[in-house]
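Q: Have a look at this one before I ask anything.
The values are calculated or read from the model by the stated rules, or taken from the named source; none is laboratory data. What you see is a predicted model; the values in this text were computed from it and never measured. Virtual Cβ from ideal backbone geometry, glycine too; neighbours counted across all protein chains shown.
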Amino acid sequence: MTPAILTDWRAVPAGLRGCTIALGNMDGVHRGHLAVLQAAHAARPGAKLAALTFEPHPREHFRPDDPPFRLTLLPAKAAALGAAGAAAVYALRFDAALAAMPAETFFEAVLREGLGAVHLSCGQDFAFGHRRGGGAASLARLAEAAGIGTTIVPPVTDAQGPISSTRIRRVLQDGYPERATEMLGRPWEIRGEVVHGDKLGRVLGWPTANMWLGRHLEPARGVYAVTVSLPDGTEAKGVANIGRRPTLGGDPETRLETYIFDWSGDLYGREIGVRLVRFLRPDAKFNGLEELKAAIAQDAEDARAALR
């Protein structure tokens with residue numbers, strides 16, 4: 001299901017008011033976020049299910065010079081929420097005005113009047129309003145006074161503790177995508193448009209689909225076994241490198257280069273998703289193109305073995 005994406009709480013169509021709403025930034029849409037969504041639906045199964053999030057992520061608003069950290073950009077986040085049953089995603093524009101809105105005003109103007117919420121669910125650490133002035137307990141108190149139900153959802157945990165976007169970022173930066181998969185409930189995917197490179201992969205016999213990471217988190221640099229979501233909806237296997245190509249003098253920006261096994265076609269300007277399955281080796285500098293070519297051949301063999 002593809003959910004409706006709405007960015008303005010003051011202009012919500014009548015058919016998308018009166019939802020039961022899961023609240024949170026939901027970067028990654030991990031198993032903990034899905035529990036909040038499921039709790040919202042379970043409380044009022046007869047109502048439409050929606051998720052309320054903020055765009056840009058508040059951290060991007062307050063700390064614009066931070067390195068990119070996003071696990072999911074809005075289209076991918078909305079797709080994951082839609083797959084979990086959300087009919088609408090209220091991706092509210094997070095700007096100076098919203099940041100300055102007191103918690104009580106946010107509840108009254110946005111949740112009650114603007115969206116007409118019939119039930120609210122959130123995690124225990126949910127915070128809202130100016131300087132994070134409101135939390136889960138104050139949300140429940142305001143909602144009760146307004147005759148709106150709330151569900152405060154405890155964290156989903158594994159052997160290492162509560163599942164969080166922060167933990168998922170850390171394991172990806174440390175080179176453990178399979179741990180991210182466990183916490184997300186699906187492989188982590190970098191989705192973007194294929195751009196023109198310098199065609200060196202083609203010369204070496206390994207033509208790659210090139211993408212810039214953009215606002216995505218940069219995971220550990222190196223070579224990965226991957227699966228690829230193609231524009232026609234099919235999935236292929238491949239091997240990918242995330243790095244700055246030190247053998248070729250280095251790039252100013254990190255790129256993702258993916259060689260797709262047993263596939264040929266033109267992907268330029270098309271959107272694909274590259275899903276990290278296994279980290280194979282760190283980024284390395286080779287003595288010339290022949291050594292690089294041999295390393296790529298070995299990487300491809302290792303990726304095929306990892307994906308069997």
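Q: With touching a Phe, Trp or Tyr at 6+ places or on another chain (Cβ under 7 Å) and surrounded by 18 or more Cβ atoms within 10 Å (Cβ to Cβ) as the only criterion, which of Ile260, Ile296, Ile272 stands out?
A: Result: Ile296 is the single residue among Ile260, Ile296, Ile272 that is touching a Phe, Trp or Tyr at 6+ places or on another chain (Cβ under 7 Å) and surrounded by 18 or more Cβ atoms within 10 Å (Cβ to Cβ).
Q: Cβ contacts < 6 Å: first residue without any contact (Cβ under 8 Å) to a residue 60 or more places away in the chain, restricted to the range 256-275; second residue not aliphatic (A, V, I, L, M), any location; separation 6+ or different chain. Result?
A: Thr258/Thr208; Thr258/Gly238; Tyr259/Trp206; Tyr259/Thr208; Tyr259/Gly238; Ile260/Gly238; Phe261/Lys237; Phe261/Gly238
Q: Quick one: would you say Val36 is in contact with a Phe, Trp or Tyr (Cβ under 9 Å, 6 or more places away or on another chain), buried (at least 20 other Cβ atoms within 10 Å of the Cβ) and not in a loop (DSSP other than H, G, I, E, B)? Step through it out loud before you land on a result.
A: Details: in contact with a Phe, Trp or Tyr (Cβ under 9 Å, 6 or more places away or on another chain): yes; buried (at least 20 other Cβ atoms within 10 Å of the Cβ): yes; not in a loop (DSSP other than H, G, I, E, B): yes.
Criteria met by Val36.
Q: Checking Gly243 against (1) buried (at least 18 other Cβ atoms within 10 Å of the Cβ); (2) at pLDDT 95 or above, which single condition isn't satisfied?
A: That leaves (2) as the condition not met.
Q: Test of understanding: among Gly18, Gly85, which residue is assigned to a loop (DSSP other than H, G, I, E, B), over 16 Å from the mean Cα position of the chain (by Cα), among the small types (Gly, Ala, Ser) and under 18 Å from Glu113 (Cβ atoms)?
A: Details: Gly85 fails: under 18 Å from Glu113 (Cβ atoms).
When all the criteria are applied, what remains is Gly18.
Here is a yes/no grid of residues against (1) at pLDDT below 95; (2) outside the structural domain of Pro58 (by TED's automatic domain parsing); (3) of a type in the set (Asp, Glu):
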site: Thr105; (1), (2), (3): no, no, no
site: Arg112; (1), (2), (3): no, no, no
site: Leu120; (1), (2), (3): no, no, no
site: Gly129; (1), (2), (3): yes, no, no
site: Ile163; (1), (2), (3): no, yes, no
site: Arg167; (1), (2), (3): no, yes, no
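Q: Of the residues Ala109, Ala78, which is surrounded by fewer than 20 Cβ atoms within 10 Å (Cβ to Cβ) and in contact (Cβ under 8 Å) with a residue 24 or more places away in the chain? I'd like the intermediate steps shown before the answer.
A: Values: Ala78 fails: surrounded by fewer than 20 Cβ atoms within 10 Å (Cβ to Cβ).
Exactly one residue qualifies, and that residue is Ala109.
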